[in-house]
Amino acid sequence: MPVATLTEIAVKKQIRIALRNCGVINPEKIEDYIGRDGYFALGMVLSEMTPENAIGVIKDSGIRGRGGAGFPTGLKWEFASKSKSDQKYVVCNADEGDPGAFMDRSILEGDPHTVLEAMALCGYCIGANTGYIYIRAEYPLAIERLKTAISQAREFGFLGKSIFGSEFEFDIHLKYGAGAFVCGEETALIHSMEGLRGEPSLKPPFPAESGYLGKPTNVNNVETYANIPVIFLKGAEWFSGIGTEKSKGTKVFALAGKVNNVGLVEVPMGITLREVIFEIGGGIKDGKSFKAVQTGGPSGGCLTEKHLDTPIDYENLIACGSMMGSGGMIVMDEDDCMVSIAKFFLDFTVEESCGKCSPCRIGNKRLYELLDRICTGKGEMPDLDRLRNLSEVIKDTSLCGLGQSSPNPVLSTLNNFYHEYVSHVVDKKCQAGVCRDLLEYFIIEDNCVGCTACARACPVGAISGERKEPHLINPDTCIKCGACLEKCKFDAVILR
Amino acid sequence: MTKIKSFEALKKYQEELKRIGDSMEEVRNAGNLVKVKIAMATCSNAAGAEEIMNFMTEALDKRGVDALVTKTGCMGYCYAEPTIEVTLPNHEPVVFADVDVQKADQIIESYIKQGEMVEGVIPVNYKTIDEQYN
């Protein structure tokens with residue numbers, strides 16, 4: 001049988017652990033999940049392990065939180081298990097908010113039972129009998145499939161009282177979020193669950209001591225949970241055999257932007273950005289050249305050519321001035337303006353800042369205004385120092401992770417693309433051709449046939465020229481509306 | 001469904017599921033069952049997966065192909081949605097990209113009925129957890 005050669009080069013660099021069942025099983029049938037050893041980890045742990053031993057397995061595996069900060073999951077569970085209380089909670093953070101990241105939705109829609117099983121395992125380990133999945137209401141299909149999965153799990157006795165004949169009981173409920181980015185921060189998430197404003201609070205106390213309703217609470221991200229059953233089934237040693245010294249296992253990235261194979265990829269930690277973008281991602285669209293890659297969404301930074309061969313793990317990304325974040329990976333080519341990119345992310349942060357602390361509320365707004373000045377040609381050289389200083393202050397003084405990382409896009413573009421800032425400020429030029437205010441409409445003499453279409457379309461009379469002679473745009477009168485460019489049939493009008 | 005009361009019972013239940021699945025396939029034309037999986041997550045649905053689902057179930061039935069059409073989550077091929085995975089008896093699964101009704105029709109007529117490859121196949125570009133580090 002002949003095999004098509006569409007993207008034969010796509011090498012098998014991916015290993016799917018968290019996504020192991022996505023696209024394989026029918027997410028609405030618990031039988032499919034059981035057929036792939038579903039609930040085996042729960043069955044095994046409940047009948048063969050003490051909570052302490054089970055936490056030991058997670059600690060030994062070396063898995064770290066996949067939601068962004070990369071805190072060791074086993075330690076988190078241990079803290080929660082050691083807190084004394086009559087009631088504890090397990091929370092799943094499904095408030096996926098990074099622009100361009102959608103691995104959590106994909107897991108919830110493709111393999112909801114894995115999250116339920118892992119939450120029950122966590123409940124057993126820390127001594128909790130209730131779990132909540134905090135999910136954004138913008139994910140209706142994921143909610144529907146979770147509801148189906150929860151009722152199936154109850155029917156089979158994987159949730160409820162006396163699970164697998166043991167004394168352990170556990171049930172899971174859904175809580176809906178309204179899609180505020182800051183609610184991905186665990187303290188803000190807990191406040192939102194309690195019906196309060198989604199604002200973070202100072203840690204300590206950590207949720208492991210005092211979380212939901214003041215009780216010890218363990219919050220993990222969807223992708224983290226999706227790894228848990230596999231760790232128990234295959235063993236801590238197997239899991240820690242994948243990845244780098246300090247970052248174990250795999251990470252799911254949402255590859256987006258100017259790359260050929262946009263999609264979800266799950267790769268072992270330690271793979272290089274080059275392998276992800278050029279081998280798995282199939283390179284840059286339309287044969288353009290690579291310029292930068294933004295990892296970690298609005299909290300991350302833009303990395304360049306020189307970082308392409310750095311092995312991806314938590315520490316290395318931070319050392320490069322970015323972060324793992326939830327795993328968004330936006331690829332940019334020569335047509336992207338880095339100042340505009342920084343402005344785009346700041347626009348997002350300004351919108352999503354909860355406003356509780358002033359560095360984040362006011363500082364990010366000022367950062368945005370500075371970037372806007374630069375993009376519209378009103379920037380001055382001292383603005384670049386102001387950007388850097390203000391960024392440092394916001395990072396150092398913000399209350400939660402949102403503000404502490406929001407200046408990263410500014411700092412990383414300043415560090416890696418300083419020349420672009422300078423050309424915006426000094427030459428008033430945007431080389432990528434993105435910042436409209438810095439561009440000029442221009443008529444190419446050789447292409448112009450003198451049809452006068454553009455001159456007639458110009459609302460301010462900025463175009464002059466005799467019939468059948470090349471026309472000319474007066475940049476001082478031009479309001480940059482683009483009417484001439486639309487009207488020209490001879491590709492004579494360009495933006496430059 | 002009665003509740004599963006022990007780990008042993010779960011293992012037995014999985015074996016039972018496997019046995020039923022195998023025997024069902026044997027019954028169906030001694031293994032001539034074609035399996036079609038359609039990725040149906042939010043992203044694939046937005047790209048038109050539901051239309052393909054309806055078309056495939058109806059068309060396969062009308063044209064007398066013994067097939068099992070199921071929905072599944074997304075395989076992560078966002079650039080190529082809607083995608084469908086077709087497994088012919090005794091063949092490796094094949095994933096087709098950018099499937100529209102016309103392409104689906106072609107897949108049924110050429111690949112499923114005659115085993116002739118249709119353009120637009122995505123090669124499997126990942127290892128399962130059982131393939132590696134075992």
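In chain A, the DSSP-assigned H stretches of four residues or longer account for a calculated mean residue ellipticity at 222 nm of -11000 deg cm²/dmol, using -39500 (n - 2.57) per stretch and the full residue count as denominator. Counting only lysines at least 8 places from A:Lys468 when in the same chain, those with an alpha carbon closer than 22 Å to its own are A:Lys487, A:Lys489. In terms of the Cα gyration tensor, with a ≥ b ≥ c the square roots of its eigenvalues, is the stretch A:20-240 rounded because a/c is under 1.5, prolate because a/b exceeds b/c, or oblate? Rounded.
Heavy-atom accessible area, probed at 1.4 angstrom with all protein chains present, ranks A:Glu440, A:Glu109 as A:Glu440, A:Glu109, highest first. Legend: distances between Cα atoms for B:Lys3/B:Lys103; A:Lys258/B:Lys62; A:Lys76/A:Lys175; A:Lys285/B:Lys62; A:Lys203/A:Lys291; A:Lys147/A:Lys234; pairs beyond 32 Å are B:Lys3/B:Lys103; A:Lys258/B:Lys62; A:Lys285/B:Lys62; A:Lys203/A:Lys291.
Residues of the stretch A:20-240: accessible area per residue at 1.4 Å, in Å²?
On the way: 7250 Å² over 221 residues.
For the stretch A:20-240, the solvent-accessible area averages 33 Å² per residue.
Residue by residue along A:30-36, Cβ atoms of other protein chains within 10 Å of the local Cβ number 4 on average.
Using the Karplus relation 6.51 cos²θ - 1.76 cosθ + 1.60 with θ = phi - 60°, the per-residue 3J(HN,Hα) values for the stretch A:241-252 come to x, 9, x, 9, 4, 10, 10, 9, x, 10, 9, 8 Hz, with x marking Gly and Pro. Against the main long axis of the alpha-carbon atoms of chain A, helix A:112-126 sits at an angle near 50°. Taking amide H atoms as placed 1.01 Å from N in the peptide plane, the amide H of A:Gly160 lies under 5 Å from those of A:Phe170, A:Asp171, each 5 or more residues away in sequence or on another chain. Among the residues of A:14-21, the average count of other protein chain beta-carbon atoms within 10 Å of the residue beta-carbon is 4.
Only Cα pairs under 8 Å and 6+ residues apart enter the sum, and on that basis the relative contact order of chain A stands at 14 percent.
Centroid-to-centroid, using Cα positions, the stretch A:441-483 and the stretch A:250-306 are 41 Å apart.
How far is helix A:140-156 tilted, in degrees, relative to the longest principal axis of the Cα atoms in chain A, given as a value from 0 to 90 rounded to the nearest 10? Its long axis makes an angle of about 10 degrees. Between chain B and chain A, roughly 4400 Å² of accessible surface gets buried, counting both sides and using a 1.4 Å probe. Once you reduce the stretch A:410-433 and the stretch B:51-72 to the center of their Cα atoms, the two points are 54 Å from each other. Given the options B:Thr72, B:Asn54, B:Gly21, identify the residue whose Cα lies farthest towards the positive end of the charge dipole of chain B (+1 on Cβ of Lys, Arg; -1 on Cβ of Asp, Glu). After comparing all options, I get B:Gly21.
When a/c is below 1.5 the answer is rounded, else prolate if a/b is larger than b/c, else oblate, so apply that to the protein assembly as shown with a ≥ b ≥ c taken from the square roots of the Cα gyration tensor eigenvalues. Judged from the Cα gyration tensor, the protein assembly as shown comes out oblate (a/c at least 1.5, b/c at or above a/b).
With the whole protein complex present, A:Arg366 retains an accessible surface near 110 Å², based on a 1.4 Å probe. Which percent of the accessible heavy-atom area of the stretch B:48-105 goes to carbon and sulfur, probe 1.4 angstrom? It is 44 percent, rounded to a whole number.
So which of A:Lys246/A:Lys288; B:Lys18/B:Lys127; A:Lys251/B:Lys18 end up more than 27 Å apart, counting from Cα to Cα? It would help to have the intermediate numbers written out before the result.
Values: A:Lys246/A:Lys288 35 Å; B:Lys18/B:Lys127 23 Å; A:Lys251/B:Lys18 31 Å.
Pairs exceeding 27 Å: A:Lys246/A:Lys288; A:Lys251/B:Lys18.
Taking only protein heavy atoms and a 1.4 Å probe, the accessible area of chain A is 52% carbon and sulfur. For A:Leu390, the solvent-accessible surface with a 1.4 Å probe is about 50 Å², rounded to the nearest 10.
Note down the relative contact order for chain B as a percent, whole number, built from C-alpha pairs under 8 angstrom at least six residues apart. Walk me through the numbers before you get to the answer.
Working: 159 pairs, mean separation 29.6, N = 134.
For chain B, the relative contact order is 22 percent.
About the centre of its Cα atoms, the stretch A:338-427 shows a dipole size close to 260 debye [charges on the beta carbon of Lys, Arg (+1) and Asp, Glu (-1) only; nearest 20 debye].
Within 10 Å of the Cβ of each residue in A:263-269, the mean number of Cβ atoms contributed by other protein chains is 4.
Cross-link reach is defined here as a Cα-Cα straight distance under 17 Å, omitting same-chain residues fewer than 8 places apart; for A:Lys88 the aspartates and glutamates meeting it are A:Glu52, A:Glu78, A:Glu167, A:Glu169, A:Asp171, A:Glu186, A:Glu194, A:Glu209. With contacts taken as Cα pairs under 8 Å at a separation of at least 6 residues, the stretch A:440-495 carries a relative contact order of 47 percent. Per residue, chain B exposes 52 Å² of solvent-accessible protein surface, assessed with a 1.4 angstrom probe and all protein chains in place. Spin-label model, B:Asn32 to A:Ser423: label points 7 Å out along the Cα-to-beta-carbon direction sit 6.6 nm apart. Loop-resident trypsin sites (Lys or Arg not before Pro) (DSSP state other than H, G, I, E or B) in the stretch A:80-183 with no more than 10 further Cβ atoms inside 10 Å of their Cβ: A:Lys84.
The values are calculated or read from the model by the stated rules, or taken from the named source; none is laboratory data. Bear in mind the structure is a predicted one, so any value in this text is a computation, not a measurement. Here Cβ is always computed from backbone atoms with ideal geometry, including for glycine, and neighbour counts include all displayed protein chains. Heads up: the accessible areas ignore ligands, DNA and RNA and are worked out on the full protein's heavy atoms, side chains in. Shrake-Rupley method; radii C 1.70, N 1.55, O 1.52, S 1.80 Å.
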